[in-house]
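Enquirer: Below are the structure tokens for one structure; questions will follow.
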Amino acid sequence: MTGEAARIRQMWHLLEPLHAVLYYAPAAFEEAAALGYDTEERWASYFSWRAAPLGAAGTEEVVRAFHSFAPVTVARYVPASWETAPPEAVLAARLRAVDRAYRALFGDRRVEGTGFAEAAALARRAAEAVTPGVLGGLGPANSALPWPDAPHLTLWHAATVLREHRGDGHIAALGAAGLDPVESLVSFAAVGAARPEVFASRGWGEEEWGAARRRLQERGLLAADGTATGAGRELRAKVELRTDEEAAAPWRALGEEGRVRLAELLGEPWLETIGSGLLPGENTLGIGKV
């Protein structure tokens, strides 16, 4: 990995937890319940929170944008989610959820303080340099939304734009590597990004998972025991490097001084978020392992 790629990946690792509180914070489930969503499990609100920038998207559009989820899983929630609440109501509620979640995590004085304001300004500068990206991608969809006024919500929105922009680039990198959605997950598990059981949340059945393993074995990317071969590890490393390259433009626009300062400002909120216990210790993104 080049020095620039390592720095770009560091920013993803720092920003991702600040974005992801939306999917796990109690306040988010309370806001989702107020909209009418079933919150006994997290997926009804997850699909609504994340897909709302796309508008009242149908199953196929969300399958393409999310990439890793089995179509049958997406169809369980989309487009029925928009019958519960329209996208504009979901977008307003997710900002309320983040406001409440951040205040619970960091306290009113912190989120209204100068540190968050400076971090928000820097993150916004980076996010505003996001290129248009793939039509129908989550990066452009979030970029097109109005910026919140409050600095802590600006920071969250910037983190969201940047992580979804990176995600769009990651999908492109997987496609260039000849990996379909389920093969992407199987190959990622094979390099130790997470246990295969963690990826069960994406909804692929045993037959689909097994068929993908066989295809990857035929390509020489997986060993008989399901672990990655040298060629499999090399391919995944190339995917991650291309993902870093696709995500580079905002950080180049911000400049090294701005990036370093933002990393400094994000350090303490990152530690507090990780230490809060809100987020799962093992995740499908490979945070901390790639």
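The values are calculated or read from the model by the stated rules, or taken from the named source; none is laboratory data. Keep in mind the model is a prediction, meaning the values are calculated, not measured. With ideal geometry, Cβ positions are generated from the backbone for all residues, glycine too; neighbour counts draw on all protein chains shown. Heavy atoms of the whole protein, side chains included, go into the accessibility calculation; ligands, DNA and RNA do not. Shrake-Rupley method; radii C 1.70, N 1.55, O 1.52, S 1.80 Å.
Enquirer: Can you tell me which residues in region 209-222 are among the charged types (D, E, K, R) and assigned to a helix (DSSP H, G or I)?
Expert: Those that are among the charged types (D, E, K, R) and assigned to a helix (DSSP H, G or I): R213, R214, R215, E218.
Enquirer: Need the failing condition index for E40 against (1) of a type outside the set (S, T, Y); (2) buried (at least 19 other Cβ atoms within 10 Å of the Cβ); (3) part of a loop (DSSP other than H, G, I, E, B), just the number.
Expert: Evaluating E40 over (1) of a type outside the set (S, T, Y); (2) buried (at least 19 other Cβ atoms within 10 Å of the Cβ); (3) part of a loop (DSSP other than H, G, I, E, B) leaves (2) as the failure.
Enquirer: Something else about it: Going through A159, A173 one at a time, which residue ends up being under 19 Å from M11 (Cβ atoms), open to solvent by less than 10 Å² (accessible area, probe 1.4 Å), modelled with pLDDT of 95 or more and more than 15 Å from the chain's Cα centre (by Cα)?
Expert: A173
Enquirer: Does any residue in region 200-229 that is under 19 Å from H67 (Cβ atoms) come within less than 8 Å, Cβ to Cβ, of a residue that is open to solvent by 60 Å² or more (accessible area, probe 1.4 Å) and in a helix (DSSP H, G or I) six or more places away or on a different chain, and which pairs are these?
Expert: G203/V72; W209/P196
Enquirer: If you go through region 177-199 one residue at a time, do you hit one that is at pLDDT below 95, outside any helix (DSSP H, G or I) and surrounded by fewer than 17 Cβ atoms within 10 Å (Cβ to Cβ)?
Expert: Yes, there is a match, as at least one residue in region 177-199 is at pLDDT below 95, outside any helix (DSSP H, G or I) and surrounded by fewer than 17 Cβ atoms within 10 Å (Cβ to Cβ).
Enquirer: Here's another thing I want to ask about it. Where residues in region 241-251 are in contact with a Lys or Arg (Cβ under 9 Å, 6 or more places away or on another chain) and open to solvent by 10 Å² or more (accessible area, probe 1.4 Å), which of them is farthest from H170 (Cα to Cα)? Write out each step before concluding.
Expert: If we filter region 241-251 for residues that are in contact with a Lys or Arg (Cβ under 9 Å, 6 or more places away or on another chain), which is where we start, we get 243-244, 246-247, 250-251.
Filter once more, so that each one left must be open to solvent by 10 Å² or more (accessible area, probe 1.4 Å): 246, 251.
Working: E246: 8, W251: 16 Å.
My answer is W251.
Enquirer: Additional query: Mind counting the residues in region 80-123 that are in contact (Cβ under 8 Å) with a residue 24 or more places away in the chain, surrounded by fewer than 18 Cβ atoms within 10 Å (Cβ to Cβ) and not in a helix (DSSP H, G or I)?
Expert: So the answer is 2.
Enquirer: In region 150-172, which residues are small (G, A, S), part of a helix (DSSP H, G or I) and under 30 Å from L265 (Cα atoms)?
Expert: Answer for region 150-172, where residues must be small (G, A, S), part of a helix (DSSP H, G or I) and under 30 Å from L265 (Cα atoms): A158, A159, G167, G169.
Enquirer: Another question about this same structure. For N283, all conditions in the list (1) touching a helix residue (DSSP H, G or I) at 6+ places or on another chain (Cβ under 6 Å); (2) of a type outside the set (D, E, K, R); (3) at pLDDT below 95 hold save one; what is the number of the exception?
Expert: Every listed condition holds for N283 apart from (1).
Enquirer: Identify all residues within region 7-35 that are assigned to a loop (DSSP other than H, G, I, E, B) and open to solvent by 50 Å² or more (accessible area, probe 1.4 Å); write none if there are none.
Expert: Y24, the sole residue that qualifies.
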